[in-house]
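Read the structure below first, then the notes.
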């Protein structure tokens, strides 16, 4: 595969890790010093352990998710790259007051780095474009991530 194809596949594996709750896979696709910024929601996670803890807590607070990424634009410069892709994520919490489904459309703005010959996500900024359904489901997921971070002693 060429660099762009490898990076596109990387974004698919990130989504797969979230939806399967596969935290080993998540660790494989992110750099140790990853910076994950949900700028529109006021959440910033720096470092692999911090992000995986927050993501596992958030995903554990909902019953299912389905993340799809598309419309990739990637510029490669040696062992670094930057780009963006579109996201549509459906989150499900069956017993949520106000409805079981929240679907969000967003843009991931990314920086990638090749580490030991393997492309990884070094930074990701989430920019919400639209949301449909029950926004409280995402709030539950965020609270779950915060509870997990607090339990790990991460502020």
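Summed over the stretch 28-42, residues that are surrounded by fewer than 16 Cβ atoms within 10 Å (Cβ to Cβ), touching a residue at least 12 places away in the same chain (Cβ under 8 Å) and either in contact with a strand residue (DSSP E or B) (Cβ under 6 Å, 6 or more places away or on another chain) or closer than 17 Å to residue 57 by Cβ (or both) total 3.
Which residues, taken from the stretch 69-83, are part of a strand (DSSP E or B), in contact (Cβ under 8 Å) with a residue 24 or more places away in the chain and more than 19 Å from residue 131 (Cα to Cα)? Listed by number, the residues that qualify are 72, 74, 76, 80, 81, 82, 83. When the criteria are applied in full, residue 122 fails the requirement of being under 27 Å from residue 135 (Cα atoms) and either under 17 Å from the mean Cα position of the chain (by Cα) or at pLDDT below 95 (or both). For residue 43, the conditions (1) modelled with pLDDT of 95 or more; (2) closer than 20 Å to residue 128 by Cα; (3) in contact with a helix residue (DSSP H, G or I) (Cβ under 9 Å, 6 or more places away or on another chain) all hold with the exception of (1). Report yes if residue 107 is in a strand (DSSP E or B), within 15 Å of the chain's Cα centre (by Cα) and without any contact (Cβ under 8 Å) to a residue 60 or more places away in the chain, otherwise no. Taking the combined requirement at face value, the residue satisfies it. The criterion of being over 27 Å from residue 133 (Cβ atoms), surrounded by 20 or more Cβ atoms within 10 Å (Cβ to Cβ) and in contact with a strand residue (DSSP E or B) (Cβ under 7 Å, 6 or more places away or on another chain) does not hold for residue 51. The stretch 1-68 holds helices (runs of 4 or more DSSP H) entirely within its bounds, and those carrying 3 or more residues that are more than 12 Å from the chain's Cα centre (by Cα) and under 16 Å from residue 84 (Cα atoms) map to 3-20.
The values are calculated or read from the model by the stated rules, or taken from the named source; none is laboratory data. For clarity, every value in this text was computed on a predicted model and none was experimentally measured. Cβ sites come from the backbone with ideal geometry, for glycine too, and all protein chains shown count toward neighbours.
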